Amino acid sequence: MKLQVPFLQLPLTFDAGALAVEIERIGEAAWRPHPQGFPGNSALPLVAANGDPDDDAVRGVMRPTPHLAQLPYLQQVLESFGAVLGRTRLMRLSGQAEVSAHVDVDYYWREHVRIHVPIVTQPDVLFHCGDRAIHMAAGECWIFDTWRMHRVINSAHQARIHLVADSVGGSGFWKLIAASRVPEMATSGWQPRRVTPTSVPLSPLPFESVNLPTVMSPWEVREHLNFVLDEALPHPQLDAVIQLVSHFCRHWRALWARYGEMRDGWPEYREAAAQFTEELERIGAGIRLPNTVSLSKAMLQLVSGVAVIDESRRDTADERSAPMESSKPSM
């Protein structure tokens, strides 16, 4: 999710030591390598599609994996967010390793925030986002602007472990955001609430059941495309792209009036999206956004590549985009 600032610290703190003890009991066998094989990156799935710890997809009914039941205090931490929970994992970064620089431009990240709670960390672990770099201390709670270029560098020899929860928020969560702190700004009297382990029964955690569209509505198509246009840097071809977007939105609206989400309309939706992508590549090449991503790549990943369901594809939202990379989708 795009934020107005690179980092926000939420007004919550946790007992990182107690969390670490819980996690240690689960054992090494539960940890999985990163689905794209990035060196030094591994994860322990806590909330996953259909509760399957072997499924990294972000499309589908999100439910707790068997591992989460073994972590009562961590469940309490998740409850304190006041948010509907999507894919949630413990994410480990080995010593002398990194999360390479990338921008999250997938549809999933347009509305999802990524909540970080450091559990095992050292001062040498730095999180870079845009032109800022911070150390997230153990037990703190943070979100960051996934629309900016970001990376994590662990210069220490020990591994770093964070709880990482993806969420579209919730009424309690937005109250936390309103009380959050921007790290480089003085906040008089700011004091986070300490959440300590308790034996009091928890309310059931709320999980996502709907996340990616079957067919994107014309109103959502227009919203995302206008968002990208508003981000675009000046370019001689920008007016031509604006006209193309307007034509595509009207065409999509007509298809929606005829079919809605009905399967009978999927071939025409796919043809419209493919034609839009092809024309966008032709006239929009060279137009970029301030985060270095090309306009055509952003429109592909936010709209035309996901506007109608592809049942054969596993959407993981983990692709890391290198700076100034081509807008063509990877195979």
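Table for the structure above
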{"item": "Whole-Å semi-axes of the chain's equivalent ellipsoid (Cα gyration tensor)", "result": "36, 22, 19"}
{"item": "Gyration tensor (alpha-carbon) shape descriptor, the stretch 53-118, a/c threshold 1.5", "result": "oblate"}
{"item": "Helical contribution to [θ] at 222 nm, DSSP H n ≥ 4, -39,500 (n - 2.57), averaged over the chain, rounded to 500", "result": "-8500 deg cm²/dmol"}
{"item": "Whether the stretch 162-228 is rounded, prolate or oblate, judged on the alpha carbon gyration tensor where a/c under 1.5 counts as rounded", "result": "oblate"}
{"item": "Helix runs (DSSP H) in the chain reaching 15 Å along axis by Cα, Kyte-Doolittle at least -1.0", "result": "16-26, 218-231, 238-259, 266-284"}
{"item": "Positive-end residue of Met185, Ile153, Gly169, charge dipole of the stretch 121-204 with Cβ unit charges", "result": "Gly169"}
{"item": "Burial order of peptide ranges 243-249, 146-152, 220-226 (average beta-carbon count within 10 Å, highest first)", "result": "146-152, 220-226, 243-249"}
{"item": "Phi to ³J(HN,Hα) by Karplus 6.51 cos²θ - 1.76 cosθ + 1.60 over the stretch 193-200, Hz, x for Gly, Pro", "result": "7, 7, 10, 9, x, 9, 9, 5"}
{"item": "Inter-site label distance for Arg193 and Ser94 at 7 Å from Cα along Cβ, in nm", "result": "4.0 nm"}
{"item": "With every protein chain in place, the chain: carbon and sulfur % of accessible area (1.4 Å)", "result": "54 percent"}
{"item": "Computed magnitude of the charge dipole of the stretch 231-280 (debye, nearest 20; Cβ of K, R +1, Cβ of D, E -1)", "result": "200 debye"}
{"item": "Accessible area expressed per residue, the stretch 55-191, with surrounding protein chains retained (probe 1.4 Å, Å²)", "result": "37 Å²"}
{"item": "FRET efficiency, Leu212 to Ala20 (Cβ-Cβ, R0 35 Å, nearest 0.05)", "result": "0.55"}
{"item": "GluC sites (Glu not before Pro) restricted to the stretch 226-314 and DSSP loop, no more than 14 other C-beta within 10 Å", "result": "Glu311"}
{"item": "For the stretch 183-331, fraction of C-alpha pairs farther apart than 19 Å, in %", "result": "62 percent"}
{"item": "Three-way shape label, the stretch 170-269, alpha-carbon gyration tensor, a/c 1.5", "result": "oblate"}
{"item": "For the stretch 200-255, accessible area per residue (1.4 Å probe, heavy atoms of protein chains only), Å²", "result": "55 Å²"}
{"item": "For the stretch 54-77 and the stretch 79-114, distance of Cα centres in Å", "result": "14 Å"}
{"item": "Stretchable slack from Asn50 to His247, in nm (0.36 nm times residue separation minus alpha-carbon distance)", "result": "67.1 nm"}
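The values are calculated or read from the model by the stated rules, or taken from the named source; none is laboratory data. Just so it is clear, the structure is predicted and the values come from calculations on it, not from any experiment. Note: ideal-geometry Cβ built from the backbone for every residue, glycine included; neighbour counts use all protein chains shown. Heads up: the accessible areas ignore ligands, DNA and RNA and are worked out on the full protein's heavy atoms, side chains in. Shrake-Rupley method; radii C 1.70, N 1.55, O 1.52, S 1.80 Å.
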